[in-house]
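What follows is one structure encoded as structure tokens, with my remarks underneath.
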Amino acid sequence: MTLLDALQSSLPLLYCVCFTLGLFVGSFLNVVVYRLPIMMERNWRVECHEFLQLEHPPEPNTEPFNLMVPRSACPKCQAQISAWQNIPVISWLLLRGKCGNCKTPISVQYPLVELLTGLLSLIVAIEFGASLATCFALLFTWALIALALIDFHTTLLPDTITLPLLWLGLLLSLYPVFVDTHQAIVGAAAGYMILWLVFQAFKLLTGKEGMGFGDFKLLAALGAWLGWTKLPLIILLSSLAGAVIGITMMVIFKHSREKPIPFGPYLAIAGWIALIWGDPLVQLYNAQMGL
């Protein structure tokens with residue numbers, strides 16, 4: 001009996017495993033969201049120096065800094081976070097949202113991301129059951145969470161996440177796990193070209209760049225995973241989410257109209273909804289339209 005067979009025979013165990021795993025992955029995603037943009041900026045500084053052949057190189061980073069090292073620490077007092085202080089959600093509650101050493105408040109984002117990742121992982125397990133699709137749908141979900149948060153905070157969509165996501169979606173179509181190869185290839189190409197054409201049209205009309213190339217790559221990745229038939233749904237849902245959240249931010253949080261709002265989080269939300277409920281939503285739309 002394989003592991004998937006064992007989990008299939010006990011679905012509550014599968015749900016518990018996926019939810020718990022999601023909590024711990026969410027804790028790691030908090031690290032990715034904070035550190036990956038810093039790593040990218042450091043690499044850009046070095047690459048710019050080499051490309052421009054500047055005389056004074058950037059100050060070298062003597063201490064290693066990546067997703068694994070150094071150990072997580074309080075940004076104010078630099079006290080390292082112990083293992084018991086790193087238990088998803090529970091540690092934040094036990095510490096009452098404060099550093100155990102200097103009592104500096106810890107952002108509520110950390111437990112919320114952990115809880116969100118756990119809940120979305122649970123929904124994936126309920127939707128796909130004990131199957132290969134669940135394993136890859138979890139990876140898809142975690143990648144979208146990381147991309148959405150990074151783009152929200154920095155307006156960046158790292159190639160180190162979007163491009164592997166794109167290629168993995170194309171490779172999965174060979175099995176196929178979610179869609180066949182024809183759907184995936186056309187979906188990837190169409191996803192990129194749709195936003196590229198919107199970008200070019202907007203730039204031609206206004207002289208401004210309305211979105212970044214990372215958005216093109218993300219929609220291409222969503223097309224590779226979910227197929228070209230889901231792209232209209234993803235674009236519609238992302239536009240609706242962008243309109244609702246954007247208006248809310250301007251009205252409640254006084255977000256300036258001049259300040260750019262990243263589109264990546266809305267694409268990520270729409271892509272995940274299309275993964276879980278895409279077929280019923282498309283069928284409902286067709287029924288309403290009499291198609």
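Using amide H atoms built 1.01 Å from N in the peptide plane, name the residues 5+ places from residue 98, or on other chains, whose amide H lies under 5 Å from its own.
Distant-sequence amide H within range of residue 98: 106.
Label the stretch 125-198 by shape, choosing from rounded, prolate and oblate, from the square roots a ≥ b ≥ c of the eigenvalues of the Cα gyration tensor; if a/c is under 1.5 it is rounded, and otherwise prolate applies when a/b is larger than b/c, oblate when it is not.
Here the stretch 125-198 falls in the oblate category.
Tell me the Rg and the Dmax, in Å, that the Cα atoms of the chain produce.
Using the Cα atoms of the chain, the pair Rg, Dmax is 21.0, 68 Å.
Counting only heavy atoms of the protein chains, get the accessible area per residue of the stretch 121-218 (1.4 Å probe) and round it to a whole Å² value.
I get 49 Å² per residue for the stretch 121-218.
Quick one: which residues, 5+ away or cross-chain, put their amide H under 5 Å from the amide H of residue 79? H built at 1.01 Å from N.
74
Note the per residue figure in Å³ for the convex hull of the C-alpha positions in the stretch 88-226.
Considering the Cα atoms of the stretch 88-226, their hull volume per residue is 129 Å³.
Tally up the carbon and sulfur contribution to the accessible surface of the chain as a whole percent, 1.4 Å probe, everything protein left in place.
C and S fraction of accessible area: 68 percent.
Over the stretch 159-232, calculate the relative contact order: mean separation of alpha carbon pairs under 8 Å at least 6 apart, over the residue count, as a percent.
47 percent
When the helices in the chain are scored as -39500 (n - 2.57) per DSSP H run of 4 or longer and the sum is shared across all residues, what 222 nm value do you end up with, to the nearest 500 deg cm²/dmol?
Helices in the chain give a 222 nm mean residue ellipticity of -23500 deg cm²/dmol.
Report, please, the projected area of the stretch 169-265 averaged over directions, based on the convex hull of its C-alpha atoms, in nm². Working shown, then result.
Details: hull surface 26.2 nm².
Reported value for the Cα convex hull: 6.6 nm².
Most fluctuating residue of 246, 22, 207 in a GNM of the chain with Cα springs under 10 Å: which is it?
207
Between residue 66 and residue 202, what is the spin-label point distance in nm, taking each point 7 Å from the Cα along the Cα→C-beta axis?
Each label point is offset 7 Å from its Cα along the Cβ direction, giving 3.5 nm.
Could you tell me the center-to-center distance, by alpha carbons, between the stretch 121-168 and the stretch 196-221 in angstrom?
The stretch 121-168 and the stretch 196-221 have Cα centres spaced 22 Å from each other.
Among 245, 126, 145, whose mean-square fluctuation peaks in a Gaussian network model of the chain (Cα, cutoff 10 Å)?
The residue that fluctuates most here is 245.
Name the most mobile residue of 164, 111, 75, meaning the one with the largest mean-square fluctuation, in a Gaussian network model of the chain with Cα contacts below 10 Å.
Comparing 164, 111, 75 in the GNM, the peak value goes to 75.
The values are calculated or read from the model by the stated rules, or taken from the named source; none is laboratory data. Bear in mind that the values here come from a model prediction, so they are computed numbers and not experimental data. Here Cβ is always computed from backbone atoms with ideal geometry, including for glycine, and neighbour counts include all displayed protein chains. With ligands, DNA and RNA removed, areas are computed over all heavy atoms of the protein, side chains included. Shrake-Rupley method; radii C 1.70, N 1.55, O 1.52, S 1.80 Å.
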